[in-house]
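Please read the structure below before turning to the comments.
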Amino acid sequence: MNVITDKLQVEDNKWIGTRTVRPDGADKVTGRAAYAADNTMPGMIWGKVLRSPHAHARILSIDTSKAEALPGVKAVVTAKDIVEFPLDKSVMLGIQDMRWMCRNVMAREKALFHGHPVAAVAAINEEVAAAACALIEVQYEPLPHVIEIEDAIRPDAPILHDFLKFQDKPSNISATMTAKLGDVEAGFAQADVVIERTFRTRPVHQGYIEPQACTVSYAADGRATIWSSSQGQFMVRAMTSLLTGVPQSHIKAIPAEIGGGFGAKTIIYLEPLALILSKKSGRPVKMVMSRDEVMRATGPTSGSFSTVKIGAKKDGTIVAAQGTFYIQAGCLPGGPLRGPVGCAFAPYDIPHVLSVGYEVVSNRSKVAAYRAPGAPLGAYAAECVLDEIAEKLGMDRLEIRLKNSAKPGTKAAYGATFGKVTFEETIEAVQNHEHTKAPLDRNPRPGVKRGRGVASGFWYNAGGESSAQLNISEDGNVLVTTGHPDVGGSRASIANVTAELLGIDHGRVSVQIGDTASIGFSNLTGGSRVTFASAMVVTQSAEKVIGQLKERAAKIWKIDPEAVTWENGEARPAGPNAGQFPPLSLKELAAKANEMGGPIGAGVQLNTTGADPGFATHVVDVEVDVDLGIVRVLRYTAAQDVGRALHPSYVEGQIQGGVVQGIGWALSEEYLYDKQGRLDNAGFLDYRMPVCSDVPMIEPLMLEIPNPKHPQGVRGVGEAPIVPPLAAIANAVYDALGTRFYSLPMSPPKILEGLDAAG
Amino acid sequence: MPKVHVTASINGEPAEFLCDPDKSMLEVLRNTLGLTGTKEGCGTGDCGACSITVDGRLVCACLMLAVEAEGTEIGTIEGMAQGEALHPLQRKFLEMAALQCGICTPGVLIAARALLEKNPDPTETEVRFGLAGNLCRCTGYDKIVRAVLEAAAEMRETVA
Amino acid sequence: MTDVRYLAPRTLEEAVSAFAAAQGAARILAGGTDLLVQMRNGILKPGVIVDIKKIAEMTEIADLPDGGFRIGAAVSGAAMAEHPRFGKAWPGVLEAVNLIGSKQVQGRCSPGGNLCHGSPAADSVPAMVAAGAVVTLQGPQGRREIPVEQVPAGPGRTTLAPGEILVSFTLTARPAGAGDAYLRMIPRTEMDIAVVGCGVNLTMQGGIVTAARVALGAVAPTVRLVEDAGKALLGTRLEDAALEAAAAACRAACKPIDDKRGTIAYRTRVAGVLLKRTAAVAAQRAQGN
């Protein structure tokens, strides 16, 4: 059981809930913060990757001799240098199967997508490395390729992997998942209205601005230092160890500042290659992906092909819901099935649910996690069908959600029975917000129509392993070290919590992210877990330190430690009976630390639990230019239960950022392939992420309903915001045009085609 | 062709470097001069992470040859603060949490400074279009736009 | 070491002789916003880079005695925007040039580069064509002037002779009642390549169109002067029927492709929509002058 303190009384807080300047801020506005590609080392050389020019091909041979003979070339690696994990035995690291990872970082039997690494070179500079890549002779036997889900599941589809069987036949379906509750057929039989629709979405990329990069130094003693940016230095260490055979204890992974990840940097691409190149060359090796490589060869999230059917009674009670979700895995198994399967219907109390997911491999880069992995796909389908149900029943779109909202004790199809549920609060917040009540000018100008849409979303949230160490410096200040990369301001939250608990000025707290050699194991920054988990371990560390400080004061005063309290950064006698002593400040106690028992500090390592799910409800106004088919978002309000906002600005930032990623997903972003199976828009120009002028201000409604299972009441916030926007915008476009669109992105040509088809 | 000797002023200080004629200003800033505050997000002028000024003009360092720097005055993020005194934009970005991961921040700050030099009193729309060449994937732009508007207001007051 | 040579001649004659001497291995560097991308992507590996920005004639906007303008091929979009008179005379040309890329790109990109890159989707070109701009070329055979619409030859290709360099654009003085405009369709609000671009240049007297030129971008292998659309507007008061006829002429002039940026059907249809919108803006400007 985790410690619950009295810190839920938020009114008394001096630092928690305030908008302090983040600990890493000054470095980041002056260009000093060091990201993955900013590192150099003495004697460093440059690595480059040779990538497959085919979408699908058997690799017959690789001749690296000409490349190795090129002056300036120091090392070459191919798949034979990477540890092979046989196909018949799963070796898991978290949710990643090393059978697939070893084939993802370097093509083994076959090149499975255009851009799949087949070799890598290290040379004295980038030009020589690139020239050497061009000298590597690879013999390919091109094979028929398949890109889209519908094509990949046809009986005559080219099969990517002979070892994959579905219903005893070779298949591109690589996994299935089912979530079931009640008897869905019986449920539909009770329904007065049933609506079933099919939806399609395209793969979208996380779009972090910092390309993957690393520097690896493998020294003569067999020990390696990895400098890279990731969502988990311990993941980097473990995965690199597994793929290179270098023991974890011999690898120090240093977390550089990370320039965005959104899930994508929970796996690695370059680090094992750079390590082996460094080992072979005896030199530190730096590798930096180009944007083209990032788009082409790192994982976007899945595209999908989904059918959702919902049945309701006349009064709006949902009696049954069924979903069939086909999602892309990319070229190797491992896609986010639990996103759509588990989350699509989770906000609602539905007696009969059947949710089935199929994961499909095709000749695309292997998918990687992206913010609430898979959940937006399910919510898009479910929340659009729900909108249609409401319309058919003549019900308000928020009322039907409120009426069917999950409640404490509701059993979700994915297995959980909810404790506290705060979904209703998010719906009511939107209902009561001025945005929802504001009149909408539906035809502001000729050729322009406006509409309003709502949608809700669910994300599991996560706890998991975290470590913290809290040390008091000799001058009486505080240094906190945690073990997970800070992607969006978690250090700012930690600083607030530490200052609050110790009762000292925020400016006296320093927060850093430790490397794998200097802090205990900490799981990934992902799943909306970091602020939840690290605040928990930092709280417990601080409580231990306060205990030590009270003991020191008691020793100085020669009274019982129980008779000492810690208030406002000082030890004080607990009451008149404890004795009359002037308070001892943290500074004074730190100055006497060595004579009174040694350094002051404590650490906690914990597998955190109690991260209850997150709910969100969004409302959006859109405007459609009906002659050009352009959809613009005019206004956006996003309500979410955020637990306790330790640093409100960065909680708002998570909501605002997630929403805008969702806007891109709904309207403009997509992976486009040509007939040869090559990605046709492998750059920011044609991938079309929202730019500053594309979006309005995003209003976050933070509902601070403390999570009772967390010392400060924290609930994960990062992922839920990307779940509702796809459906909210689709519903708003329908509201504007009276025509429904069942395929994302709702790009201008699609809008005009849809309007034409509707007449 | 051997490397070219280039003399320029960078952040008000004299700078000299040798470069191949086909190297971009971005490569030289980062890899030759160690000024890694200027970031590479795309290398094709689509993200603005490498925004710098050349003779006061906002450009993408990735779209300029380093040899073209001869005789120019280059401004990078490393020169934006005056010693310990942050530029009002830098300060507002910190106070208003206008950054999350921070990788786009140097480019956004340089672009915002260029915008306010031309237009000290921009509307929200003008800020949004003025920064359209700077991709940010974390913030949804909301806090960036607000911080630029606040900094502009403060800078106008200081001037007045 | 690299085998690329960089030259920054001070005179046009030096530039032409260096460019011609390289026999096709050379590339002209103006703003570099296309050239550097092509070099980075490995599409181009020039042997010689001839930077023309040290040549005065190519980087200045000259006021001509008759009230027209001569714009050096390498003048940046930002410099054009800062010119005190140009944008008042040719707002459509200026807005088109200023739509090339971001503010950062505007600091470097030039109308000459935009034209010589040969993209059918180049934003400044339809506006220049509608404006009736004349370009000055200089090559080993001397100097010549041709209408701007004769420069593009196809995607990535121009009609410039070997060794020939684009020097400047000449735009005439504006008569009373003249106005131009450029609009493009892009999916986002900024940073995209035009899916369709439309330039319209009108002269109106007493509400009647007395001269009209229409050009379209991104709907054919080259930017197109759509003479039939201009004719459809001539002598009209831009009544709905006239606009519809001009829109139909625009649609008829489209020979687009399906690609990642748009479909044939979409581009063709949007060409007509943009014609009407652009003509309305041009007319408003014409009648305000």
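General observations
- Here the residues A:Trp100, A:Trp227, A:Trp557, ranked from fewest to most Cβ neighbours within 10 Å of their Cβ, fall in the order A:Trp557, A:Trp100, A:Trp227.
- Residues of type lysines that A:Lys709 reaches as a straight line, Cα spacing below 17 Å, ignoring anything fewer than 8 places off in the same chain: A:Lys7, A:Lys420
- In this simple spin-label model, placing a label point 7 Å from the Cα along the Cα-to-Cβ direction at both A:Ala758 and A:Leu87 gives a separation of 4.8 nm.
- The stretch A:375-424 and the stretch A:58-113 have Cα centres lying 45 Å from one another.
- Low-density loop cleavage sites - trypsin sites (Lys or Arg not before Pro) in the stretch A:291-324, where at most 14 other Cβ are within 10 Å (DSSP): A:Lys313, A:Lys314
- Inter-label distance, nm, simple model (7 Å from Cα along the C-beta direction), B:Glu84/C:Lys231: 7.7
- Relative exposure of A:Tyr326, A:Tyr671, judged by other C-beta atoms within 10 Å (fewest first): A:Tyr671, A:Tyr326
- Fluctuation leader among C:Pro147, C:Pro120, C:Pro65 - chain C, Gaussian network, Cα springs under 10 angstrom: C:Pro65
- Rounded to the nearest 20 debye, dipole of chain B from Cβ charges on Lys, Arg, Asp, Glu: 400
- For the stretch C:1-149, a crude dipole built from +1 on the beta carbon of Lys and Arg and -1 on the beta carbon of Asp and Glu, taken about the Cα centre, is about 360 debye to the nearest 20.
- Rounded Å value of the spacing that divides the Cα centres of the stretch A:259-314 and the stretch A:594-612: 34
- Look at the dipole of the protein assembly as shown built from charges on Cβ: of A:Phe345, A:Phe521, C:Gly107, the Cα furthest out on the positive end belongs to A:Phe345.
- Kirkwood-based shape ratio for chain C, expressed as Rg/Rh from alpha carbons: 0.98
- FRET efficiency, 1/(1 + (r/R0)^6) with R0 35 Å, evaluated for C:Asp3 and B:Thr123 via beta carbons: 0.10
- Counting only Cα atoms, the stretch C:178-288 measures 44, 27, 22 Å along its principal axes, largest extent leading.
- A Cβ-based charge dipole, computed about the Cα centre of the stretch A:16-124 with Lys and Arg at +1 and Asp and Glu at -1, lands at about 220 debye.
- Projected over every direction and averaged, the convex hull enclosing the alpha-carbon atoms of chain A yields 35.2 nm².
- Nearby lysines by direct alpha-carbon distance to A:Lys80 (threshold 20 angstrom, same-chain neighbours under 8 apart not counted): A:Lys48, A:Lys66, A:Lys89, A:Lys110, A:Lys279, A:Lys280
- Dividing the alpha-carbon radius of gyration of the stretch A:150-248 by the rule-of-thumb value 2.2 N^0.38 Å gives 1.84.
- Per residue convex hull volume, Cα atoms of the stretch B:88-159, in Å³: 72
- Dipole-positive endmost among A:Pro170, A:Gly575, A:Gly597 within the protein assembly as shown (Cβ charges, Cα centre): A:Pro170
- Farthest positive-ward along the stretch B:88-159 dipole, Cα basis, beta-carbon charges - from B:Phe129, B:Gln90, B:Thr105: B:Thr105
- Taking all pairs of distinct alpha-carbon atoms in the stretch B:4-79, Kirkwood radius in angstrom: 11.9
- C-alpha center-to-center spacing [the stretch A:735-759, the stretch A:673-705] in angstrom: 19
- For the stretch C:40-155, the convex hull spanned by the alpha carbon atoms encloses 134 Å³ per residue.
- Fewest neighbouring Cβ atoms within 10 Å first, the residues A:Val619, C:Val97 line up as A:Val619, C:Val97.
- Rounded to 5, percent antiparallel among DSSP beta bridges of the protein assembly as shown: 80
- Applying both filters, DSSP loop and at most 11 other Cβ atoms within 10 Å, to the GluC sites (Glu not before Pro) of the stretch A:532-605 gives A:Glu595.
- The stretch C:88-149: mean projected area of Cα convex hull, nm²: 4.9
- Cross-link reach is defined here as a Cα-Cα straight distance under 19 Å, omitting same-chain residues fewer than 8 places apart; for C:Lys231 the lysines meeting it are C:Lys276.
- The chymotrypsin sites (Phe, Trp or Tyr not before Pro) found in the stretch B:71-160 include none that occupy coil by DSSP while having at most 11 further C-beta atoms within 10 Å.
- Total lysine pairs in chain B at Cα distances under 25 Å, for residues eight or more apart or on different chains: 9.
- Kirkwood radius, the stretch A:306-454, all distinct C-alpha pairs, inverse of mean reciprocal distance: 17.0 Å.
- Mean residue ellipticity (222 nm) of the protein assembly as shown, computed from DSSP H runs ≥ 4 via -39,500 (n - 2.57), nearest 500: -8500 deg cm²/dmol
The numbers here are math on the coordinates, done by the rules we state, and not lab data. Since this is a predicted model, take the numbers as computed values, not measurements. For neighbour counting, all protein chains shown are included, and Cβ atoms are generated from backbone atoms with ideal geometry for every residue, glycine included.
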